[in-house]
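Reviewing the structure listed below.
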Amino acid sequence: MWLRVSCSLAFDIETPTPFILMLRPRSGAEQWIELDEFKISLNVPIIEFTNHYGNLCQRFVAPTGSFSIYTTSDVKTSEFIDVDFDATFVEVQNLPSDILCYLLPSRYCESDRFNDLANSITANQQPGYQQVFAIKEWLKTNISYIPGSSDYPISATEVNYKRSGVCRDLSHLGIALCRSLSIPARMVVGYLHELYPMDMHAWFEAYIGGRWYTFDATQTGQKGGYVSVGYGLDAADVAIFNQFGPVAHSLQQSITVTEIKK
């Protein structure tokens with residue numbers, strides 16, 4: 001399927017402020033970017049770079065006053081996510097070196113605290129995809145997905161205690177449970193077709209059978225329509241923008257995802 005995705009941001013800045021953005025999706029194994037447009041209403045130098053997770057980032061210093069950012073992309077992505085209950089667990093000694101970082105505890109995913117819970121959830125499951133699928137189903141049953149209920153990231157431990165959260169929070173707990181079983185897992189942020197209410201979305205991926213698979217405890221079925229923008233260990237790595245200074249006033253954000261014909 002072809003999707004046209006867009007993000008519009010508006011800021012009012014009190015003092016010159018450094019920004020780092022992460023708004024441009026990249027082509028990869030699961031998606032192809034045909035058209036890409038990036039507009040910013042500032043006449044300032046902008047530097048684009050690729051961070052160590054492979055995400056396209058932009059950095060600049062915003063002067064005092066108002067400015068806006070608009071991005072849009074035409075993306076070919078699958079109507080359904082890949083499913084393979086036979087995908088096997090990859091032993092740690094056989095993992096590619098660049099995957100090893102996704103095994104470790106991180107700021108919001110304290111995987112060293114979830115071994116007992118993960119083992120109880122995945123009891124009698126074959127190591128690999130079946131374990132992660134059981135974790136996703138457990139999240140859907142036991143953690144309430146409540147859009148808009150959290151303005152800031154909370155850790156997997158807090159999510160497990162609260163038993164509710166936004167998409168980002170459920171992903172944190174899913175990642176922590178996977179890593180506690182020595183299954184690499186990472187956070188993904190991006191767009192999702194027909195998400196309600198429409199916003200940027202977060203889900204997680206697990207490395208099984210030599211590749212990454214998508215898991216989303218907030219959605220039913222195996223529908224696709226995902227467009228990835230950024231990857232990381234947890235929410236600290238995948239913010240669509242970071243500002244370093246006083247909080248901007250009058251932030252406005254608009255997200256659209258529309259199916260198009262090609």
The stretch 227-251 residues that are within 21 Å of residue 66 (Cα to Cα), paired with ones that are in a loop (DSSP other than H, G, I, E, B) and of a type in the set (Val, Ile, Thr) (beta carbon under 7 Å, 6 or more apart): 245/15; 246/15
For the stretch 64-80, pairs from a residue that is buried (at least 21 other Cβ atoms within 10 Å of the Cβ) to a residue that is not acidic (Asp, Glu) and not in a strand (DSSP E or B), with Cβ under 8 Å and 6 or more apart or across chains, are 69/41; 73/25; 75/25; 77/1; 77/224; 77/225
Does the stretch 137-155 hold any residues that are touching a Gly at 6+ places or on another chain (Cβ under 7 Å) and either surrounded by 20 or more Cβ atoms within 10 Å (Cβ to Cβ) or not assigned by TED's automatic domain parsing to the domain that holds residue 114 (or both), and which are they? 139, 143
Quick check on the stretch 24-45: of everything there that is of a type in the set (S, T, N, Q) and in contact with a strand residue (DSSP E or B) (Cβ under 9 Å, 6 or more places away or on another chain), which residue is surrounded by the most Cβ atoms within 10 Å (Cβ to Cβ)? 31
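Per-residue answers, yes or no, for (1) part of a loop (DSSP other than H, G, I, E, B); (2) crowded, with 23+ Cβ neighbours inside 10 Å:
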residue	(1), (2)
157	no, no
186	no, yes
202	no, yes
205	no, yes
253	no, no
256	no, no
259	no, no
262	yes, no
I'm checking my understanding of the structure. Among residues of the stretch 46-61 that are in a loop (DSSP other than H, G, I, E, B) and either under 16 Å from the mean Cα position of the chain (by Cα) or free of Cβ contacts under 8 Å to residues at least 12 places away in the same chain (or both), which one is surrounded by the most Cβ atoms within 10 Å (Cβ to Cβ)? 55
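The values are calculated or read from the model by the stated rules, or taken from the named source; none is laboratory data. For clarity, every value in this text was computed on a predicted model and none was experimentally measured. Cβ sites come from the backbone with ideal geometry, for glycine too, and all protein chains shown count toward neighbours.
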